[in-house]
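To keep things clear, I will list the structure first and then write my remarks on it.
The values are calculated or read from the model by the stated rules, or taken from the named source; none is laboratory data. Quantities reported herein were computed from a predicted structural model and do not represent experimental measurements. In this analysis, Cβ positions are derived from the backbone assuming ideal geometry, glycine residues included, and neighbour counts consider all displayed protein chains. Note: accessible area is taken over every heavy atom of the protein model, side chains too, but ligands, DNA and RNA are not part of it. Shrake-Rupley method; radii C 1.70, N 1.55, O 1.52, S 1.80 Å.
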Amino acid sequence: MQRLGGFLITKLKQLHSRSLAQCISEQGIDAFSGEQGKILFILWQKDKELASETGLAKNTITVMLEKMEKNDLIRRITDENDKRKSLVILTDYAKSLKKCSDKISDEMTKKMYRGFSEEE
């Protein structure tokens with residue numbers, strides 16, 4: 001028996017990423033990518049530690065936050081209680097994209113689970 005599990009999971013991730021990019025493009029959003037959407041999703045929910053919640057490395061998050069700041073999605077400010085930390089604040093523009101992002105999320109859920117029953 002061949003072990004294709006890892007290959008198939010990788011392929012599924014690639015297909016998911018492509019489909020997500022297409023959905024974001026169809027909604028006319030060019031301010032963020034699917035990966036940056038993870039960060040926005042966490043911030044839309046509530047304040048949390050981004051690295052642990054997204055599963056992304058801190059250096060990856062730093063680069064993404066720089067791009068997101070340039071695209072007017074976030075602002076970073078120094079934490080008054082701990083100068084070593086930065087607080088990431090959503091801009092009004094980012095807040096306005098939440099409904100559109102929710103629509104994309106719903107579309108992706110339908111695509112990814114098409115043909116599956118609730119039990120499956």
*Pairs LYS83/LYS103; LYS11/LYS38; LYS11/LYS70; LYS13/LYS85; LYS85/LYS111; LYS70/LYS99: which exceed 29 Å Cα-Cα?*
LYS83/LYS103; LYS11/LYS70; LYS13/LYS85; LYS85/LYS111
*Where does helix 58-70 land angle-wise versus the long Cα axis of the chain, in degrees 0 to 90, nearest 10?*
70 degrees
_Separation between Cα centres of the stretch 95-110 and the stretch 1-75, rounded to whole Å_ = 13 Å
_For the stretch 1-98, which GluC sites (Glu not before Pro) pass both filters: DSSP loop (anything but H, G, I, E, B) and at most 11 other C-beta atoms within 10 Å?_
GLU49, GLU80
_Accessible area expressed per residue, the chain, with surrounding protein chains retained (probe 1.4 Å, Å²)_ = 75 Å²
*Quick one: angle between helix 98-112 and the longest Cα principal axis of the chain, in degrees between 0 and 90, rounded to 10, please.*
20 degrees
*Out of the stretch 38-120, which chymotrypsin sites (Phe, Trp or Tyr not before Pro) are coil in DSSP terms and have no more than 13 other C-beta atoms within 10 Å?*
TYR113, PHE116
*Just the number, please: carbon plus sulfur as a percent of the accessible area of the chain, 1.4 Å probe, no ligands or DNA/RNA counted.*
51 percent
*In degrees, nearest 10, range 0 to 90: what is the angle between the Cα axis of helix 5-26 and the longest Cα principal axis of the chain?*
60 degrees
*Compute the longest continuous run of the chain that contains no exposed trypsin sites (Lys or Arg not before Pro); treat a site as exposed when its DSSP state is not H, G, I, E or B and it has at most 15 other Cβ atoms within 10 Å.*
4-45
